[in-house]
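Data block below; observations after.
The values are calculated or read from the model by the stated rules, or taken from the named source; none is laboratory data. Source: prediction; values computed, not measured. Note that we place each Cβ from the backbone using ideal geometry, even for glycine, and neighbour counts take in every protein chain shown. SASA here: full protein model, heavy atoms, side chains in, ligands and nucleic acids out. Shrake-Rupley method; radii C 1.70, N 1.55, O 1.52, S 1.80 Å.
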Amino acid sequence: QVQLVESGGGLVQAGGSLRLSCSASGLTFSRHVMAWSRQAPGKEREFVAAINWNGGSTVYADSVKGRFTISRDNAKNTMYLQMNTLKPEDTAVYFCAADRRWVPVAIMSYDYWGQGTQVTVSS
């Protein structure tokens with residue numbers, strides 16, 4: 001079965017950096033679009049970033065543009081999210097997701113999801 005496992009979350013001060021990883025198994029990684037979403041307490045899950053099958057195209061939410069970078073390594077079946085200049089409002093559980101289609105911001109329609117990793121940014 002498909003498994004997506006996030007790692008790299010934690011507690012960081014505002015202005016700091018974290019790098020999240022999403023390790024995939026049970027699917028043909030290079031044939032899946034990958035994305036990150038997040039959900040803060042009391043809020044709906046929101047799109048963060050997406051990357052196409054070969055990494056040639058990326059899409060970001062306006063709130064993270066210029067601070068976050070999504071990337072993937074198809075040889076390692078792993079996707080990454082480099083998060084810089086973190087803000088308290090970035091505090092959320094971060095989820096990775098996979099889908100065979102290029103529908104980057106339609107995050108709730110993705111086929112597969114991980115369990116999430118907590119990111120907490122202190123002020």
Selection status of Val5, among the β-branched types (Val, Ile, Thr), at pLDDT 95 or above and under 17 Å from Val121 (Cα atoms): no
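Which residue, of Tyr60, Tyr112, is closer than 14 Å to Arg38 by Cα and surrounded by 15 or more Cβ atoms within 10 Å (Cβ to Cβ)? Don't jump to the end; show me each part of the working.
Numbers: Tyr112 fails: closer than 14 Å to Arg38 by Cα.
Result of the check over Tyr60, Tyr112: Tyr60.
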One residue from Ala24, Ala49, Ala106, Ala97 being within 26 Å of Ser123 (Cβ to Cβ) and open to solvent by less than 60 Å² (accessible area, probe 1.4 Å): Ala49
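Conditions (1) β-branched (Val, Ile, Thr); (2) in contact with a Leu (Cβ under 7 Å, 6 or more places away or on another chain); (3) free of Cβ contacts under 8 Å to residues at least 40 places away in the same chain, marked per residue:
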| site | (1), (2), (3) |
| --- | --- |
| Arg31 | no, no, no |
| Asn54 | no, no, yes |
| Thr78 | yes, no, no |
| Thr91 | yes, no, no |
| Ser109 | no, no, yes |
| Gln118 | no, no, no |
| Val121 | yes, yes, no |
Conditions (1) touching a strand residue (DSSP E or B) at 6+ places or on another chain (Cβ under 7 Å); (2) surrounded by 13 or more Cβ atoms within 10 Å (Cβ to Cβ); number of the one not met by Ser122: (2)
Tally, over the stretch 107-117, of residues that are among the hydrophobic types (A, V, I, L, M, F, W, C) and either part of a helix (DSSP H, G or I) or touching a His at 6+ places or on another chain (Cβ under 8 Å) (or both): 2
